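Enquirer: Please find one structure pasted underneath; my questions will follow.
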Amino acid sequence: MILLVKGSQYMRVDTIVSGKVFIYDRIVEASFAIKDGKIVTLGKNLSNITCEKRLEFNGPYVILPGMVDIHVHMRDLEQSYKEDWLSGSTAAVAGGITLVVDMPNTKPPTNNLQVLKEKIEIARSKSVVDFGFYFGVPNSIEELEEAFKYGIFGLKIYPNDYEKPLVSYMKECTENGKITVVHPESPEFLCDSEISDRHSKIRPPEAEVRAVESFVDIALRHGLRIHFTHISLASSLFNILKAKIRGGRVSCDVTPHHLFLNLSKEEELGYLSKVNPPLRSEENQMLLYNAFKRFLIDAYITDHAPHLMEEKMSSVYEEVPPGFPGLEIALPLLINEIVQDNFPLQIINLYSFYPAKLLNISKGIMGIGFDADFSIVNYKKEWVIKGEHFKSKAKYTPFEGKKIRGQITQTYIRGKNVYEEDCITVKPGYGQLITPNQIAELK
C-alpha cells in the first residue's frame, strides 16, 4: 500500500528515505519523502517520485521517529557551568531526541517575561535541537497571559509553590489549552536532614502520595488539565488512574531511573544517587515497570538534571544537588528492553508520539504532515554506558557500566542531518522554538 498526498506522484521532493521504519505500531520496509522539513509521502515504493537525495538504511538499522522529551533542565544563564544550550542540545540529538521542553527552575527562575525572553534568545543562538518552554508561577495572572504570547507549553508547579493561589493560574492554563505540570511532593511531609542522611527517608513516599491526592482532587473539582511528572510510586499511579476513570483530565510520566533503578542504588552510590523524588523500593519499581509496559503511564521523560561531578561527589548531604543527566541514554535504555523482549515495540510511542500529543504538536511520529524528525538506530550494536563519554557537561550516571544493545548513529530534525557518528553536523542555532499548534491529521 502507498499513501500519497494529492498530486505527490508529480511533485519534486527534497529527500526520500528508505529502510525498516517504525510507523505507528510496527516496523515495516517503507520509504518516506521529505519536502520543506515535513513528511509529505509515505509508502512501500516511491521510485516514481523525483528527489534531490535518496538515503537507504539496510542491515542492522531501524528508523525511529524523533523522541520528544517533555521534561529537561538545560540550565544555562547563571548555571551554564553545569550545562548550556549547546552542550545539552548536543546530548539530546546524540540520544535520538528531536525536541526538548525546558523547565523554569533556572537561576534566575523563569517566572517572569524578562528571563523567558532571554532564555528563548539563548536557545535560538545555541541549540541544535528543537525546543520549547514551561513557565514558572508568576506574580500575576496578567504575566502568565503575556507568557502565552511567547508560545509556552504551560505552567510548572514546584513544592515551594504550593502555598500560592494556584487554582486561578491552573484555570488560566486549562482555558487557554495549556498544560499544568506538577512536581508532586507535599512540603509538609518533607523531613529535615538531621533525622537521616538517606534521601529516601528525608523525602518519604507520603509526600508524593498526599500531593497527588490533593491535586487530583483539584483537577476533578475544577475540571483542570494537570500532568504529574516523574511519579515514583505505584500508589500515585493508582490514584491518577482512578481520577481518569472518573473523567479527570490528568496524566503522568516516569523517568528511566524510577523504572529501572531502586533503593539498592542509594546504598551502592551514596549521595550520587540523590534525586527528587528519591529512588524507591524494588517492589515499587517493578510495579511501575509493569504498569509502564502495559501503557498505564502516559509518557517517558529524562528529567535531565545535570550537575558537575564534584558537586555530586560532595561528602556533605546538603551540598549535593539532586538529579542525573539522561538525554543520551534514555532511548537506548528503552531499545535495550525491546530487543530483550521485555517491552513491546510500541513502547517507543511513550517517548515520541504520546508526549507530542500531550503538548499538541506535530512531532514524534512518521506520518504525513508531521515534522521529518527521525533517528537511525543500530539495534544490534552492544555498548557500555560510561558517563565520561557523555556530550553533556555532567559526566556521571547511576547507569554507569551497564551493558546495553541498541545505539543511535544518526539523528535528523526537519529532514536535516544534525548528528552522525558522534559528531554534530549543523551549526549552533539550528534548533527552532516549537509552540503548541494543531496536530496534523494522521493519514
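Enquirer: Quick check: anything in region 140-160 assigned to a loop (DSSP other than H, G, I, E, B), free of Cβ contacts under 8 Å to residues at least 40 places away in the same chain, under 30 Å from Glu319 (Cβ atoms) and not polar (S, T, N, Q)?
Expert: No, region 140-160 contains no residue that is assigned to a loop (DSSP other than H, G, I, E, B), free of Cβ contacts under 8 Å to residues at least 40 places away in the same chain, under 30 Å from Glu319 (Cβ atoms) and not polar (S, T, N, Q).
Enquirer: Only residues that are surrounded by fewer than 23 Cβ atoms within 10 Å (Cβ to Cβ) and either among the charged types (D, E, K, R) or part of a strand (DSSP E or B) (or both): list them for region 313-335, please.
Expert: Hits for region 313-335 are Glu318, Glu319.
Enquirer: Of a type in the set (A, V, I, L, M, F, W, C), in contact with an Asp or Glu (Cβ under 7 Å, 6 or more places away or on another chain) and more than 30 Å from Ser375 (Cα to Cα): does that describe Leu99?
Expert: no
Enquirer: Could you list, ordered by first residue, the pairs with Cβ atoms under 7 Å in which the first is in region 284-299 and under 11 Å from Thr255 (Cβ atoms) and the second is at pLDDT 95 or above and charged (D, E, K, R), at least 6 apart or interchain?
Expert: Every condition considered, the pairs that remain are Ile297/Asp253; Ala299/Asp253.
Enquirer: Could you tell me which of the residues Ile338, Ile347, Ile368 is among the hydrophobic types (A, V, I, L, M, F, W, C), assigned to a helix (DSSP H, G or I), surrounded by fewer than 22 Cβ atoms within 10 Å (Cβ to Cβ) and out of contact with any Gly (no Cβ under 9 Å at 6 or more places or on another chain)?
Expert: So the residue among Ile338, Ile347, Ile368 that is among the hydrophobic types (A, V, I, L, M, F, W, C), assigned to a helix (DSSP H, G or I), surrounded by fewer than 22 Cβ atoms within 10 Å (Cβ to Cβ) and out of contact with any Gly (no Cβ under 9 Å at 6 or more places or on another chain) is Ile347.
Enquirer: Do we find that Lys20 is at pLDDT below 95 and either outside any loop (DSSP other than H, G, I, E, B) or more than 27 Å from Ala330 (Cβ to Cβ) (or both) in this structure?
Expert: no
Enquirer: Just to verify a result, which residue in region 244-261, among those that are free of Cβ contacts under 8 Å to residues at least 60 places away in the same chain and surrounded by fewer than 20 Cβ atoms within 10 Å (Cβ to Cβ), is nearest to the chain's Cα centre (by Cα)?
Expert: Taking the candidates together, the pick is Lys244.
Enquirer: Could you grab me the full set of residues in region 260-270 that are of a type outside the set (A, V, I, L, M, F, W, C) and either outside any helix (DSSP H, G or I) or touching a Ser or Thr at 6+ places or on another chain (Cβ under 7 Å) (or both)?
Expert: Asn262, Lys265, Glu266
Enquirer: Go through region 99-123 and give me each residue that's within 19 Å of the chain's Cα centre (by Cα) and either within 23 Å of Val426 (Cα to Cα) or in a strand (DSSP E or B) (or both).
Expert: Leu99, Val100, Val101, Asp102, Lys119, Ile120, Ala123 - these are the residues of region 99-123 that are within 19 Å of the chain's Cα centre (by Cα) and either within 23 Å of Val426 (Cα to Cα) or in a strand (DSSP E or B) (or both).
Enquirer: Residue under question is Thr50, and the condition is that it be modelled with pLDDT under 95, out of contact with any Gly (no Cβ under 7 Å at 6 or more places or on another chain) and not charged (D, E, K, R); does it hold?
Expert: Considered against the rule, which asks whether it is modelled with pLDDT under 95, out of contact with any Gly (no Cβ under 7 Å at 6 or more places or on another chain) and not charged (D, E, K, R), Thr50 comes out as yes.
Enquirer: Still on this structure, I have one more. Taking the conditions exactly as written (of a type in the set (Gly, Ala, Ser), in contact (Cβ under 8 Å) with a residue 40 or more places away in the chain and under 30 Å from Glu266 (Cβ atoms)), does Gly367 satisfy them or not?
Expert: Spelling it out, it is not the case that Gly367 is of a type in the set (Gly, Ala, Ser), in contact (Cβ under 8 Å) with a residue 40 or more places away in the chain and under 30 Å from Glu266 (Cβ atoms).
Enquirer: Given Ser236, Ser214, Ser200, which one is part of a helix (DSSP H, G or I), in contact with an Asp or Glu (Cβ under 7 Å, 6 or more places away or on another chain) and without any contact (Cβ under 8 Å) to a residue 60 or more places away in the chain?
Expert: Ser236
Enquirer: Might you check whether a residue that is in contact with a strand residue (DSSP E or B) (Cβ under 9 Å, 6 or more places away or on another chain) and of a type in the set (Ser, Thr, Tyr) occurs anywhere in region 64-86?
Expert: No, because not a single residue in region 64-86 is in contact with a strand residue (DSSP E or B) (Cβ under 9 Å, 6 or more places away or on another chain) and of a type in the set (Ser, Thr, Tyr).
Enquirer: So, in region 389-443, of the ones that are among the aliphatic types (A, V, I, L, M), modelled with pLDDT of 95 or more and under 21 Å from the mean Cα position of the chain (by Cα), which residue ends up farthest from Asp69 (Cα to Cα)?
Expert: Per the stated criteria, the residue is Ile404.
Enquirer: Can I ask one more? So which of Ser264, Ser236 is buried (at least 18 other Cβ atoms within 10 Å of the Cβ) and either polar (S, T, N, Q) or over 26 Å from Ala356 (Cβ atoms) (or both)?
Expert: Ser236
Enquirer: Of all residues being assigned to a loop (DSSP other than H, G, I, E, B) and under 12 Å from the mean Cα position of the chain (by Cα) in region 289-304, which is surrounded by the fewest Cβ atoms within 10 Å (Cβ to Cβ)? Just the residue, please.
Expert: Asp298
Results for (1) among the charged types (D, E, K, R); (2) out of contact with any helix residue (DSSP H, G or I) (no Cβ under 7 Å at 6 or more places or on another chain); (3) buried (at least 18 other Cβ atoms within 10 Å of the Cβ), shown as yes or no for each residue.
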| site | (1), (2), (3) |
| --- | --- |
| Leu46 | no, yes, yes |
| Glu52 | yes, yes, no |
| Met67 | no, no, yes |
| Met74 | no, no, yes |
| Gly95 | no, no, yes |
| Thr98 | no, yes, yes |
| Leu113 | no, no, no |
| Glu121 | yes, yes, no |
| Asn139 | no, yes, no |
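Enquirer: Among the residues of region 172-200, write down those that are surrounded by 13 or more Cβ atoms within 10 Å (Cβ to Cβ), charged (D, E, K, R) and either at positive phi or at pLDDT 85 or above (or both).
Expert: Glu172, Lys178, Glu185
The values are calculated or read from the model by the stated rules, or taken from the named source; none is laboratory data. Source: prediction; values computed, not measured. Using ideal geometry, Cβ is built from the backbone for each residue, glycine included, and neighbour counts are taken over all protein chains shown.
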